[in-house]
Structures are given as C-alpha cells and as structure tokens.
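I have placed the structure first, in the form of structure tokens, so that the comments after it can refer back to it.
The values are calculated or read from the model by the stated rules, or taken from the named source; none is laboratory data. What you see is a predicted model, and the numbers here were worked out from it, not measured in a lab. Every residue, glycine as well, gets a Cβ built from its backbone with ideal geometry; the counts of neighbours run over all protein chains shown. The area values use the complete protein model at the heavy-atom level, side chains included, leaving out ligands, DNA and RNA. Shrake-Rupley method; radii C 1.70, N 1.55, O 1.52, S 1.80 Å.
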Amino acid sequence: FAPVASVLLPCLIPEKKALELLLTGKTISGIEAERLGLVNRVAPTAELDAELESFRRQLLDKSSAVLALARKAARLPSRTGFEAALREAERLYLDELIKTEDVTEGVQAFLDKRDPRWKGR
C-alpha cells in the first residue's frame with residue numbers, strides 16, 4: 001500500500017493504468033513512464049548530461065521570478081485536493097492497514113525472503 005502513489009498516480013495518469021500499477025506493484029520502463037506522462041522525456045545514459053543541459057538552458061533563459069510564479073499558479077488547483085486526499089490515504093495506512101495481520105505477514109515474509117501467505121485480515 002503506497003499512500004502517496006495511491007493519491008498521486010490517478011491524478012497524473014489514466015485511472016485504470018494507475019490502479020493496475022498500484023495493485024500489481026509492477027515497475028515500468030522509462031519509455032513507458034514517458035508514454036504515460038509521468039516523465040517529460042527519456043534519454044540514453046550517454047546523452048543524459050546533454051539533455052539536462054539543454055533543459056537547464058531553456059529555463060535559465062527565462063525570468064526566475066516569472067518561472068516561480070508560473071510554477072506556483074500551475075500547482076494551485078491540485079494542492080487543496082491532493083493534500084486532503086493524502087491525509088486520508090495516510091490515515092488509512094496508519095489507522096487501518098498497519099493493524100492488519102497481512103502487514104505483519106508481509107514484513108516477515110520479506111525478512112525471511114519468501115512469498116507471503118496472505119490471510120486477508
């Protein structure tokens with residue numbers, strides 16, 4: 001159970017894909033992350049520094065004051081909803097999930113390097 005991801009992913013990518021990733025724990029490639037809109041671009045390791053420098057130059061050519069205000073304004077709509085949703089996800093995690101037998105089993109299975117035997121409680 002990933003409280004932050006469970007709130008953030010459905011805001012960033014299609015809900016069905018977010019649910020698939022959250023429920024399966026599947027990892028995705030950088031190319032898939034770009035296709036879903038989780039990252040803006042993907043670059044081969046050999047070209048990463050050049051790609052970063054290009055992006056840095058684009059930002060440095062702009063007014064830092066205007067960029068700060070634009071960033072603040074762009075985040076306004078999501079803050080109230082996101083923070084309330086995150087608080088609820090954290091409450092679920094701390095008040096409900098942590099108290100289940102399956103949490104104890106999951107941690108023990110991880111430590112024992114074995115598959116967990118879920119009980120659904």
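Please report, in debye to the nearest 20, how large the charge dipole of segment 1-47 is about its Cα centre when each Lys and Arg carries +1 at its beta carbon and each Asp and Glu carries -1 there.
Magnitude of the dipole: close to 80 debye.
What does the accessible area per residue of the chain come to in Å², with a 1.4 Å probe and no ligands, DNA or RNA counted?
Ligands and nucleic acids excluded, the result is 80 Å² per residue.
Rounded to the nearest 500 deg cm²/dmol, what is the calculated helix-only ellipticity per residue at 222 nm for the chain, with -39500 (n - 2.57) per DSSP H run of length n ≥ 4?
Calculated at 222 nm, the ellipticity per residue is -21000 deg cm²/dmol.
For segment 18-67, what class follows from the C-alpha gyration tensor (a ≥ b ≥ c being the square roots of its eigenvalues): rounded when a/c is under 1.5, otherwise prolate if a/b is larger than b/c, else oblate?
oblate
Using a 1.4 Å probe on the protein heavy atoms, what percent of the accessible area of the chain belongs to carbon and sulfur?
Carbon-and-sulfur percentage of accessible area, whole number: 59.
Is the shape of segment 39-97 rounded, prolate or oblate, going by the alpha carbon gyration tensor and its root eigenvalues a ≥ b ≥ c, with a/c under 1.5 for rounded and a/b larger than b/c for prolate?
Verdict is oblate for segment 39-97.
Would you mind working out the magnitude of the charge dipole of the chain relative to its Cα centre, with +1 at each Lys and Arg C-beta and -1 at each Asp and Glu C-beta, to the nearest 20 Debye?
Dipole magnitude for the chain comes out near 300 debye.
In whole angstrom, how far apart do the alpha carbon centroids of segment 1-47 and segment 83-116 sit?
Their Cα centres are 21 Å away from one another.
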